[in-house]
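This report refers to the structure that appears directly beneath it.
The values are calculated or read from the model by the stated rules, or taken from the named source; none is laboratory data. Computed from a predicted model, the values in this text were never measured in an experiment. Cβ sites come from the backbone with ideal geometry, for glycine too, and all protein chains shown count toward neighbours.
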């Protein structure tokens, strides 16, 4: 008489064969979606696969699923990697940037998942901490996903891997994970594999340097696109600050992150949904050249009139706060000095407009309006401004310029969305939202 384990395995494999056509359809839909989606720079390919019957059988036995699930239907519904898609990227640094870009393409929904803006059947669990830790101790960007089809949610797995990490994972999978032979000096072999991984990561850095040199040469001869112009603008701003601070003050500070924020603000303001972008780039290149030839005085204070008639909740909190900071906090003084220098104007209108750009980097206006309209009806306009004011007040009370670094603005945007979702779902009040928002931002910045 056969062990019940093997009857269980046979049942799972039989059901898997019956459902294979469904899984193939989901895999094809995933491939189509990601190939049509702009996830940013560094994408190489989107290889996908269905778990083979042999691999599924090995997993069922290795991980003792027989003791965890009572039947085949439950087993297949809980397996997250029957369908897998890898977002393969050029370099290691692209792994985090591609992951962060997913937050621009998926919106949080009531079931705790994030739903695609362009495909209502596609969901990702972007709440889970990333990168995750594998059994071998190494990090991996691994995201659980769900695809709604035929009135059920089919699970799948998305991984984001640089080419060197994919290469190493393939070796490690075959040499260690799937090798059932008794290996002498097993720990020695594992250490050797770890050393290989370290060398591959060094190679990744070296290859990226070579790639950057080649690309910069092409950019010089063929012209910059919008995204690389933003990087060029941030680099130029940082160099201007360093040069003028050393000349005027005898020292310089690290302005790389504020430079990135300013470049992103200008990009949102000038290049999104604008025509004749090439001429705009030329205007900014000419302006940067003027600034390189001239001098920027960081000792000179601002003479700005106070802002009046601020109707936006975020601006009501943030404008007075930064107005006070601009002439007493050196970091903020340099920040706005560079904005005024690039924009060729030094007045309260430019000051307020810049803060509005910061707000736009955090708050998705249309998303917020739709959420609040649905949840609060006629009271949505008031709640909209209260939400914005609470956000501005939280950032002012934290009182740290790091809140305004580009990567932290993205974090704050996520926190704002998540806390608002919870507030609506659990029917919390503004006092709860105020406390939770400030605590979460302070923890993550």
Legend entry - Of residues in the stretch 100-136 being part of a strand (DSSP E or B) and surrounded by fewer than 16 Cβ atoms within 10 Å (Cβ to Cβ), the one modelled with the lowest pLDDT: 133
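So that you can scan it fast, the table gives a plain yes or no per residue for (1) exposed (fewer than 12 other Cβ atoms within 10 Å of the Cβ); (2) modelled with pLDDT of 75 or more; (3) under 29 Å from residue 266 (Cα atoms):
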position: 177; (1), (2), (3): no, no, no
position: 182; (1), (2), (3): yes, no, no
position: 194; (1), (2), (3): no, yes, no
position: 220; (1), (2), (3): yes, no, yes
position: 230; (1), (2), (3): no, yes, yes
position: 245; (1), (2), (3): no, yes, yes
Inset, instruction - Please specify each residue of the stretch 69-87 satisfying the condition of being at pLDDT 85 or above and either over 19 Å from residue 29 (Cβ atoms) or part of a helix (DSSP H, G or I) (or both). - result: 71, 72, 73, 74, 75, 76, 77, 78
Legend entry - Selection from the stretch 305-321 of residues that are touching a residue at least 24 places away in the same chain (Cβ under 8 Å) and assigned to a helix (DSSP H, G or I): 313, 314, 315, 316, 317, 318, 319, 321
Legend entry - Count of the stretch 52-83 residues which are out of contact with any helix residue (DSSP H, G or I) (no Cβ under 7 Å at 6 or more places or on another chain) and surrounded by 18 or more Cβ atoms within 10 Å (Cβ to Cβ): 1
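Being in a loop (DSSP other than H, G, I, E, B), more than 20 Å from residue 100 (Cα to Cα) and within 37 Å of the chain's Cα centre (by Cα) is the filter here, so list the residues in the stretch 3-46 that pass it.
Of the residues in the stretch 3-46, the ones in a loop (DSSP other than H, G, I, E, B) are 3, 19, 37-42, 46.
Next, only the ones that are more than 20 Å from residue 100 (Cα to Cα) stay: 3, 19.
Of everything in the stretch 3-46, just one residue is in a loop (DSSP other than H, G, I, E, B), more than 20 Å from residue 100 (Cα to Cα) and within 37 Å of the chain's Cα centre (by Cα), namely 19.
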Legend entry - Check on residue 92, at pLDDT 85 or above, closer than 20 Å to residue 159 by Cβ, in the same structural domain as residue 10 (by the TED database) and buried (at least 19 other Cβ atoms within 10 Å of the Cβ): no
Legend entry - residue 408 vs. criteria modelled with pLDDT of 90 or more, part of a helix (DSSP H, G or I), touching a helix residue (DSSP H, G or I) at 6+ places or on another chain (Cβ under 9 Å) and farther than 19 Å from residue 258 by Cα: no
Inset, instruction - Tally the residues that are more than 15 Å from residue 259 (Cβ to Cβ), in contact with a helix residue (DSSP H, G or I) (Cβ under 9 Å, 6 or more places away or on another chain) and either in contact (Cβ under 8 Å) with a residue 12 or more places away in the chain or surrounded by fewer than 14 Cβ atoms within 10 Å (Cβ to Cβ) (or both), restricting the search to the stretch 322-332. - result: 5
Inset, instruction - Could you tell me which of the residues 154, 164, 158 is in contact (Cβ under 8 Å) with a residue 40 or more places away in the chain, part of a strand (DSSP E or B) and in contact with a helix residue (DSSP H, G or I) (Cβ under 7 Å, 6 or more places away or on another chain)? - result: 154
Inset, instruction - Give just the number: which of (1) assigned to a helix (DSSP H, G or I); (2) in contact with a helix residue (DSSP H, G or I) (Cβ under 7 Å, 6 or more places away or on another chain) does residue 346 not satisfy? - result: (1)
Legend entry - Residue identified as in contact with a helix residue (DSSP H, G or I) (Cβ under 7 Å, 6 or more places away or on another chain) and closer than 21 Å to residue 268 by Cα among 356, 337: 356
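Using the structure shown, decide if residue 130 is more than 27 Å from residue 151 (Cα to Cα), touching a helix residue (DSSP H, G or I) at 6+ places or on another chain (Cβ under 9 Å) and in contact (Cβ under 8 Å) with a residue 60 or more places away in the chain.
On the way: more than 27 Å from residue 151 (Cα to Cα): yes; touching a helix residue (DSSP H, G or I) at 6+ places or on another chain (Cβ under 9 Å): yes; in contact (Cβ under 8 Å) with a residue 60 or more places away in the chain: no.
So residue 130 fails the test.
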Legend entry - Which numbered condition residue 361 fails, given (1) loosely packed, with under 15 Cβ neighbours inside 10 Å; (2) at pLDDT below 90; (3) assigned to a helix (DSSP H, G or I): (1)
